[in-house]
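Peer 1: I have a structure I would like to understand better, so I am pasting it below and will then ask my questions one at a time.
Each reported figure results from applying straightforward, stated rules to the coordinates on display, with no laboratory input. As the structure is a prediction and not an experimental result, all values here were calculated from the model. Ideal geometry is used to build each Cβ from the backbone, glycine not excepted, and the neighbour counts take in all protein chains shown.
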Amino acid sequence: MSDETPVLRPETPTAREALQADEVRLDALPFRVGRESRYGLVRGQWRSMERRELEAAPNNELYLIDNGDVLNVSREHFQIERDDDGNYALVDRGSTCGTVVDDTPLGTDEDQIRIPLRDGSRIRIGTPESPFEFTFVFADGES
């Protein structure tokens with residue numbers, strides 16, 4: 001693999017809305033992803049129910065807001081790493097619902113928590129029905 005900076009590209013409307021961009025560059029590795037807060041109905045209005053303290057050190061480079069009835073994104077969900085040979089891998093960080101990479105489930109009750117990533121790998125955060133899906137690509141490559 002070359003020294004190009006990889007990116008995550010949203011593949012679903014929910015992922016695009018959460019990212020608020022066409023892609024996010026993975027400039028620093030490990031690149032950690034997790035949930036910023038949980039929203040719920042409080043007296044008939046949607047409110048943030050749990051949130052990281054602002055003065056606390058961040059534990060993710062990318063925070064996603066999961067507004068679903070069923071939460072798919074854990075506060076510390078997964079990270080993307082690069083090994084000494086220049087190969088990338090996704091590591092589930094003990095998430096509750098797991099991560100699916102190219103139809104391979106990781107985390108939760110699965111034995112596997114680490115999987116190699118290739119250009120074009122599809123990453124679904126949470127259950128197979130989760131609305132958070134991204135593609136791992138190189139900045140100047142096409143998936």
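Peer 1: Length gain on complete extension for the stretch Arg25 to Thr12, per 0.36 nm per residue less the alpha carbon to alpha carbon distance? Show your work: numbers first, answer last.
Peer 2: Details: separation 13, 0.36 × 13 = 4.68 nm, distance 1.77 nm.
Computed gain between Arg25 and Thr12 is 2.9 nm.
Peer 1: Tell me, what ³J(HN,Hα) does each residue in the range 107-118 have, in order and in whole Hz, if you take phi through Karplus 6.51 cos²θ - 1.76 cosθ + 1.60 with θ = phi - 60° and put x for Gly and Pro?
Peer 2: x, 6, 8, 6, 6, 8, 10, 10, 8, x, 10, 10
Peer 1: Arranged from highest to lowest average of other beta-carbon atoms within 10 Å per residue, in what order do the peptides 84-92, 96-104, 4-12 appear?
Peer 2: Highest mean packing first, the order is 96-104, 4-12, 84-92.
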